[in-house]
Amino acid sequence: MGNFEIQDPPIFQTDITKWSRETNADGDEMGRDMEKVFNNTIYNKAMIERERNVTEVTLTAAGWREENGLYIQTVSVPGAEKNIDPVLCSALADDADVETRKAYKKAFGIISGGSGSVGAGTATFKVDKKPATDCTVGLRGV
């Protein structure tokens, strides 16, 4: 009897045989299907953990470039993959003073009102107005 092989990275599989009392059972075949179900569980756990993770990135005031009436900035995001869809969230420190909160709120409002896309290891933000200050934002799901 062997152990299940955990796939790295985990892959979700839908081609799993439905076994019943009438099926002419083959232990090895059943074992392969059980391994797929096991790996689906590992895959689901990895996706849940990814959703909990928040990666912070800083958009600098000097890093914006103008293109066709939009301001664009691409930043490095370790772990980002082209097929993910992270959620933008605030990364403002709880103990920030009033002036910092005010500046952050303005910059974050501009950024969250724009659009964004994720590539392999990067995120690109596009906004209508250039934020006047650096702004660290969170990307949940990276």
- Item | Subset of the range 61-81 (residues that are of a type outside the set (Asp, Glu) and either open to solvent by 90 Å² or more (accessible area, probe 1.4 Å) or part of a loop (DSSP other than H, G, I, E, B) (or both)) | Ala62, Trp64, Arg65, Asn68, Gly69, Val77, Pro78, Gly79, Ala80
- Query: Among (1) out of contact with any Ser or Thr (no Cβ under 7 Å at 6 or more places or on another chain); (2) under 30 Å from Gln13 (Cβ atoms), which single condition is Ala93 missing?
  - Reply: (2)
- Can you tell me which of Ile84, Ile111 is in a loop (DSSP other than H, G, I, E, B), open to solvent by less than 60 Å² (accessible area, probe 1.4 Å) and out of contact with any Ser or Thr (no Cβ under 9 Å at 6 or more places or on another chain)? Ile84
- Is at least one residue of the range 88-96 in a strand (DSSP E or B) and in contact with a Pro (Cβ under 9 Å, 6 or more places away or on another chain)? no
- Task: Would you mind finding the one in Glu35, Glu49, Glu5 that is at pLDDT below 90, assigned to a helix (DSSP H, G or I) and farther than 30 Å from Cys135 by Cα?
- Result: Glu35
- Item | Residue that is modelled with the lowest pLDDT [pool: residues in the range 8-32 that are of a type in the set (A, V, I, L, M) and in a loop (DSSP other than H, G, I, E, B)] | Ala25
- May I ask you to say which residue of Lys105, Lys36, Lys18 is without any contact (Cβ under 8 Å) to a residue 24 or more places away in the chain and open to solvent by less than 50 Å² (accessible area, probe 1.4 Å)? Lys36
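The values are calculated or read from the model by the stated rules, or taken from the named source; none is laboratory data. Everything numeric here is computed off the predicted structure, so don't read it as measured data. Note that we place each Cβ from the backbone using ideal geometry, even for glycine, and neighbour counts take in every protein chain shown. With ligands, DNA and RNA removed, areas are computed over all heavy atoms of the protein, side chains included. Shrake-Rupley method; radii C 1.70, N 1.55, O 1.52, S 1.80 Å.
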